[in-house]
Amino acid sequence: MAVPGDEDEQRGTFRAAFEAAGIKIDHVWMQYFSIGGMSGLVEVQAYVYGALTLPPLERDLLAHALNESLDAMGVDGRRASYSREVFKDSGDDPHLE
């Protein structure tokens, strides 16, 4: 998982999973947009190739869209990481008990 604030590492895991799967960016973008993503296709393309930054929430939605797309296609292997740990052990945080 990427460390909070480490956009380059998160971008790297996204791009590695994206390229390994051979999926098209417009498919990922449609999934991203359908779950609430606010960036346009050109912005997402620019982010993937390092020409633009995105806020953590948008990066996480994009990662989730890719991961869901890969799951739906039955693709095993790499997955995109999130900007923070999504699932925590309840022992780590008293608010999750």
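Remarks
- FRET efficiency estimate (nearest 0.05) - Cβ-Cβ, residue 42 to residue 9, R0 25 angstrom: 0.60
- Neighbourhood net charge (13 Å Cβ-Cβ; Lys/Arg +1, Asp/Glu -1) for residue 40: -3
- Gyration tensor (alpha-carbon) shape descriptor, the range 1-73, a/c threshold 1.5: rounded
- Rounded to whole numbers, the Karplus 3J(HN,Hα) couplings from phi for the range 41-49 are 4, 5, 5, 5, 4, 5, 4, 4, 9 Hz, using 6.51 cos²θ - 1.76 cosθ + 1.60 with θ = phi - 60°, and x at Gly and Pro.
- For the range 26-88, trypsin sites (Lys or Arg not before Pro) are listed when DSSP marks them as loop and at most 13 other Cβ atoms sit within 10 Å of their Cβ; the list is 88.
- Taking a Cβ cut-off of under 11 Å around residue 64, the surrounding Lys, Arg, Asp and Glu residues balance to a net charge of -2, with basic ones at +1 and acidic ones at -1.
Each reported figure results from applying straightforward, stated rules to the coordinates on display, with no laboratory input. The structure displayed is predicted, hence computed values, not measured ones. FYI the Cβ positions are ideal-geometry reconstructions off the backbone, even for glycines, and counts take in every protein chain you see.
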